[in-house]
């Protein structure tokens, strides 16, 4: 069984996934793998350089995230083209990872961008992690001191809305300040174990 975990930036999807890891559930972090692939996959490197120029990679060969971000930040068409390069590679990588974890009762794919379960993906269910926008802003400011408030708000505004995320959610985890996170994860873990029959 394949479970997706998504949520807006700063919602806490990574901490939710870490709790599942503590329960011995394998988690594929699509964003981390995308970063790794952009640094190590020669086909991605070639396509990104063709799209954005040689400055897309540093002299030492590392993906130049600040440069790339500055190019796509205000240009949705470039961002779409960049995603068109990276997302298919992540899809292939995900498939290989899923194959290697086929004996697990269920696995989790964590990603910022996700479709409803069964819509052009191999997910059985989608969990959406939620938190109030002001709390999300505070979390992002604390972890990423190089981003301005305007940059953070722009990122949030460019992501799909909470209402759109609600439409893809089979389950929701509230990661606000007034709700205990662990019991919500344990409840879903028990449910998924039961549904998997393992």
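The values are calculated or read from the model by the stated rules, or taken from the named source; none is laboratory data. No experiment lies behind these values; they were computed from the predicted model shown. Using ideal geometry, Cβ is built from the backbone for each residue, glycine included, and neighbour counts are taken over all protein chains shown.
List of remarks:
- Out of 146, 142, 115, sole residue that is exposed (fewer than 15 other Cβ atoms within 10 Å of the Cβ) and within 23 Å of residue 28 (Cα to Cα): 115
- Selection from region 129-149 of residues that are within 18 Å of the chain's Cα centre (by Cα), touching a residue at least 24 places away in the same chain (Cβ under 8 Å) and part of a loop (DSSP other than H, G, I, E, B): 131
Residue-by-condition table, conditions (1) touching a helix residue (DSSP H, G or I) at 6+ places or on another chain (Cβ under 7 Å); (2) within 18 Å of residue 31 (Cα to Cα); (3) modelled with pLDDT under 85; (4) not assigned by TED's automatic domain parsing to the domain that holds residue 6:
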{"residue": "119", "(1), (2), (3), (4)": "no, no, yes, no"}
{"residue": "125", "(1), (2), (3), (4)": "no, no, no, no"}
{"residue": "128", "(1), (2), (3), (4)": "yes, yes, no, no"}
{"residue": "134", "(1), (2), (3), (4)": "no, no, no, no"}
{"residue": "138", "(1), (2), (3), (4)": "no, no, no, no"}
{"residue": "158", "(1), (2), (3), (4)": "no, yes, yes, no"}
{"residue": "163", "(1), (2), (3), (4)": "no, no, no, no"}
{"residue": "166", "(1), (2), (3), (4)": "no, no, no, no"}
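- Residue in region 40-49 that is closer than 23 Å to residue 155 by Cβ and surrounded by fewer than 19 Cβ atoms within 10 Å (Cβ to Cβ) present: no
- Test for residue 76: is it in the same structural domain as residue 151 (by TED's automatic domain parsing), under 30 Å from residue 125 (Cα atoms) and either more than 18 Å from the chain's Cα centre (by Cα) or modelled with pLDDT under 95 (or both): no
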